[in-house]
Amino acid sequence: MIIAVDGPLASGKGTIARALAQNFGFHYLDTGLLYRAVGLSVVAAGHDPANPAQALAAAQRLDPDQIDMVAARTLAAGAAASQVAAIPTVRAQLLEFQRDFARRLPGAVLDGRDIGTVVCPEAGLKLFVTASETSRARRRLQELRELGEATDFATVLSALRERDARDCARSVAPLRVAPDAHLLDTTDFTIDEAIKAACRLVDSARHNMVVAGGRPERESPPE
Ligand code: DC
């Protein structure tokens, strides 16, 4: 089973996706990390993350097992990620790895921006996780402070708006709600409540898959 979890920055999608993977014994891929690592690598080499040739070269060199998780979580990595993510050749380069990952057994949970729309349109369950701009900025600020980054609410809110605008406006695989996605607004939810709501949706999708898979073949009508 493939579970696609999409949504904007700090909506809670990563926490929910990780919890689902753990709860159901599925593999988990944070696809944002791939873009963050590519963005960081371009910046570390002294190039502009909006440069298509440099960004593609970095995507081709990417080893998903060697990503520096701490550096990848910074505000700077997120900004670079959203620039390289707008380059079609970079997205195409990272697509196969994500699709291969999604096929892992017994199942996989992938979170990102285009999982339900582009990477795995065939996913057995699609969640679109969202929350108000203010609560997303608050959560992100807390996350960054825990990582030791000195920043404030206004800076985080403005970076978040910029990222949202770029992720939604790009020409390839923009952030969109898949027509068959379940919307999960976590603004007024605790983490536990959000995870429970997501687990119920997985249970019900699995139940429907079993029912559909086990349905007896229709008998041929009498002559
Ligand atoms: O989820 P995140 O904040 O770690 O993602 C970082 C950036 O990567 C985000 O601004 C958009 C981009 N991204 C994307 O375009 N497609 C994905 N599937 C995941 C992330």
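Taking 1.002 mPa s as the viscosity and 20 °C as the temperature, the Stokes-Einstein diffusion coefficient of the range 85-182 based on its alpha-carbon Kirkwood radius rounds to 140 µm²/s.
The value of relative contact order for the range 1-93, using C-alpha pairs under 8 Å at least six residues apart, is 30 percent. Note on the chain: Cα Rg divided by 2.2 N^0.38 Å, N the number of residues, gives 1.09. Note on the range 1-160: with charges restricted to the Cβ of Lys and Arg (+1) and Asp and Glu (-1), its dipole about the Cα centre is near 280 debye.
Enter the angle in degrees (range 0 to 90, nearest 10) between the Cα long axis of helix 191-214 and the first principal axis of the Cα atoms of the chain, meaning the one along which they spread out most. In the chain, helix 191-214 runs at an angle near 40 degrees to the longest axis.
FRET efficiency for Val210 and Gln66, Cβ-Cβ distance as r, R0 = 30 Å, nearest 0.05? FRET efficiency, Val210 to Gln66: 0.15. Beyond 17 Å, what share of the Cα-Cα pairs of the range 2-83 is found? Please give it as a whole percent. So the portion of pairs separated by more than 17 Å is 49 percent. Determine, at each q value in 0.20, 0.24 (inverse angstroms), the log₁₀ of I(q)/I(0) that the Debye formula gives when each Cα of the range 37-116 is one equal point scatterer. Each listed q maps to, in turn, -0.91, -1.22.
For the chain, modelled as a GNM whose springs connect Cα atoms under 10 angstrom apart, the maximal fluctuation among Val90, Val211, Val172 occurs at Val211. Per q in 0.17, 0.26 1/Å, what log10 I(q)/I(0) does a Debye calculation on the alpha-carbon atoms of the range 19-62 return? Result of the Debye calculation: -0.52, -0.81. As I understand it, the dipole of the chain uses +1 on the Cβ of Lys and Arg and -1 on the Cβ of Asp and Glu, about the Cα centre. Which of Ala194, Ser135, Pro121 lies farthest toward its positive end? Selected residue: Ser135. Seen against the Cα atoms of the chain and their longest principal axis, helix 133-146 is set at about 60 degrees. Rolling a 1.4 Å probe over the protein heavy atoms leaves Glu96 with an accessible area of roughly 130 Å². Packing-based ranking of 133-142, 41-50, 77-86 yields 77-86, 133-142, 41-50, ordered from highest to lowest mean Cβ neighbour count within 10 Å.
Taking every alpha-carbon pair under 8 Å whose residues sit at least 6 apart, the range 95-186 reaches a relative contact order of 40 percent. Over the chain, DSSP H runs of length four or greater, each weighted -39,500 (n - 2.57), average out per residue to a 222 nm ellipticity of -17000 deg cm²/dmol.
The values are calculated or read from the model by the stated rules, or taken from the named source; none is laboratory data. Here the structure is a predicted model, which is why all the values come from computation and not from measurement. Glycine gets a Cβ as well: all are built from the backbone with ideal geometry, and neighbour counts include every protein chain shown. With ligands, DNA and RNA removed, areas are computed over all heavy atoms of the protein, side chains included. Shrake-Rupley method; radii C 1.70, N 1.55, O 1.52, S 1.80 Å.
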